């Protein structure tokens, strides 16, 4: 009985910490994977001497109007290419929510296309991707991926979540 009661107490104390650890790792993983996909898209555009696009995708084949937690793809060509050759397909994520900045919520504004010179396509004005935990109790773990007009990436820690 004593062992069972001690086990129950330890479990009660450990579960919130375990959930926080899972959430922190899910946010870090999404931030790191998306940032690496941006770097990969840029380097492949230069290497292949062809435009390379990164965009959200919930079907793993084409750009869709979905959130990043549903996955994303990197492919050779412009956003509206028919059957583009895929370079990378990313699986859906759990424990996180994402949102692009309001200025770029249009379907075409959710993608980043790098040209053979390594610069984003001419009409790219920059964007911010907000990554928040799925539980409001962990909002302090939120991160922002800021992509500027030249395609450079910066990670911010806002400490709050602005996703409804």
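The values are calculated or read from the model by the stated rules, or taken from the named source; none is laboratory data. What you are looking at is a predicted structure, and each value in this text was computed from that prediction instead of being measured. Heads up, the Cβs are rebuilt from the backbone with ideal geometry, glycines too, and the neighbour counts pull from every protein chain shown.
Do you know which residues across the range 34-69 are farther than 19 Å from residue 115 by Cβ, surrounded by 16 or more Cβ atoms within 10 Å (Cβ to Cβ) and modelled with pLDDT of 95 or more? Listed by number, the residues that qualify are 34, 35. The residues listed here are 13, 30; of these, the one that is surrounded by fewer than 16 Cβ atoms within 10 Å (Cβ to Cβ) and either without any contact (Cβ under 8 Å) to a residue 40 or more places away in the chain or within 14 Å of the chain's Cα centre (by Cα) (or both) is 13. Could we say that residue 163 is farther than 16 Å from residue 22 by Cβ and modelled with pLDDT of 90 or more here? Spelling it out, it is not the case that residue 163 is farther than 16 Å from residue 22 by Cβ and modelled with pLDDT of 90 or more. Annotation note: of 47, 42, the sole residue that is part of a helix (DSSP H, G or I), in contact with a strand residue (DSSP E or B) (Cβ under 6 Å, 6 or more places away or on another chain) and either touching a residue at least 24 places away in the same chain (Cβ under 8 Å) or over 30 Å from residue 162 (Cβ atoms) (or both) is 42. Taken over the range 105-130, the criterion of being within 19 Å of residue 87 (Cβ to Cβ) and either part of a strand (DSSP E or B) or at pLDDT 85 or above (or both) is satisfied by 111, 112, 113, 114, 115, 116, 117, 118, 119, 120, 121. Restricting attention to the range 4-21, does a residue exist that is in contact with a strand residue (DSSP E or B) (Cβ under 8 Å, 6 or more places away or on another chain), under 16 Å from residue 143 (Cβ atoms) and at pLDDT below 95? There is no residue in the range 4-21 that is in contact with a strand residue (DSSP E or B) (Cβ under 8 Å, 6 or more places away or on another chain), under 16 Å from residue 143 (Cβ atoms) and at pLDDT below 95.
Please find, among 74, 146, the residue that is out of contact with any helix residue (DSSP H, G or I) (no Cβ under 6 Å at 6 or more places or on another chain), modelled with pLDDT of 90 or more, surrounded by 14 or more Cβ atoms within 10 Å (Cβ to Cβ) and in a strand (DSSP E or B). Break it down into steps so the answer makes sense when it comes.
Details: 74 fails: out of contact with any helix residue (DSSP H, G or I) (no Cβ under 6 Å at 6 or more places or on another chain).
One residue alone meets the criteria, 146.
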